[in-house]
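> Structure below; questions to follow.
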Amino acid sequence: MTADDLPLVRRWLAEHHVARWWGDPNEQFDLVSDDLDHPAMDQFIVAREDRPFAYLQCYHPASWDNGLGPQPTGTRGIDQFIGEADMLNCGHGSAFIRAFIDRLLIAGTPRVVTDPDPANARAIRAYEKAGFRKDCLVDTPDGRALLMVRNV
C-alpha cells in the first residue's frame with residue numbers, strides 16, 4: 001500500500017459494513033495514514049483480478065500496547081476488512097487471509113494473532129476458515145476482543 005491508495009481506504013472506512021466494526025472513519029483513516037511509515041507495520045491493498053477490494057495490515061504486536069498479552073518472539077498481528085460490499089460473503093476474506101498467513105508461517109513467523117470483536121461473527125468465521133483458533137477474550141484499548149491465534 002502507498003499514499004496513492006489512501007483515498008480508496010478512506011472511502012472503504014466510511015462504508016457501513018466497515019465502520020460498524022472499525023469505528024469512526026476519520027479517526028481510523030488518521031491511524032492508517034500515520035502507520036504508512038511505521039517500521040513495525042506493513043499495509044496492503046488486496047485485489048482480485050486487478051480489482052482492489054480489501055485492506056490488510058500486519059504488525060509486530062510488541063510495538064503497541066494492545067492488550068494481547070505476551071506472545072512468542074516474532075509473532076505478527078493482522079487486521080483486515082473487505083471494503084467492497086459486493087465482495088462480502090463470497091469466501092474472499094478467508095482465502096486472502098489464509099494465503100497471507102501461509103506465507104508468513106513458511107517464512108518463519110512462529111505465530112499470527114488477530115483480535116476481532118466477539119460479536120463480529122463474519123470475521124470470526126473467516127479467521128477460523130483461514131486456520132485460526134479461538135484462544136481467549138482480552139481487553140484491548142479498543143474494548144473487549146476475541147484473541148485468535150494461528151501457529152506454525
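The values are calculated or read from the model by the stated rules, or taken from the named source; none is laboratory data. Not measured: the values here are computed from a predicted model. Neighbour counts are summed over all protein chains in view; Cβ atoms, including those assigned to glycine, are modelled from backbone coordinates with ideal geometry. Note: accessible area is taken over every heavy atom of the protein model, side chains too, but ligands, DNA and RNA are not part of it. Shrake-Rupley method; radii C 1.70, N 1.55, O 1.52, S 1.80 Å.
> What are the residues in region 118-152 that are of a type in the set (S, T, Y) and in contact with a strand residue (DSSP E or B) (Cβ under 8 Å, 6 or more places away or on another chain), if any?
Answer for region 118-152, where residues must be of a type in the set (S, T, Y) and in contact with a strand residue (DSSP E or B) (Cβ under 8 Å, 6 or more places away or on another chain): just Y127.
> Separate question: Looking only at region 67-95, which residues are buried (at least 20 other Cβ atoms within 10 Å of the Cβ) and in a helix (DSSP H, G or I)?
G93
> Under 6 Å between Cβ atoms, at least 6 apart or on separate chains: pull out the pairs that start in region 11-40 with a residue that is at pLDDT 95 or above and end on any residue that is open to solvent by less than 30 Å² (accessible area, probe 1.4 Å) and part of a loop (DSSP other than H, G, I, E, B).
W12/G83; W21/N120
> Of everything in region 42-62 that's surrounded by fewer than 18 Cβ atoms within 10 Å (Cβ to Cβ) and more than 20 Å from A126 (Cα to Cα), which residue is modelled with the lowest pLDDT?
Out of the qualifying residues, it is A62.
> Okay, next question. Based on this model, can you work out whether D65 counts as at pLDDT 95 or above, under 17 Å from the mean Cα position of the chain (by Cα) and on the phi < 0 side of the Ramachandran plot?
No, not satisfied.
> Separate question: I'd like the full set of residues that are open to solvent by less than 50 Å² (accessible area, probe 1.4 Å), of a type in the set (A, V, I, L, M) and part of a helix (DSSP H, G or I), limited to region 96-119.
The answer is I97, A99, I101, L104, L105.
> Follow-up question, since we're still on this one. Within the set of pairs 6 or more residues apart or between chains, which connect a residue that is closer than 16 Å to V18 by Cβ and of a type in the set (A, V, I, L, M) inside region 104-125 to a residue that is open to solvent by less than 20 Å² (accessible area, probe 1.4 Å) and not in a helix (DSSP H, G or I) with Cβ atoms less than 8 Å apart?
A123/P116
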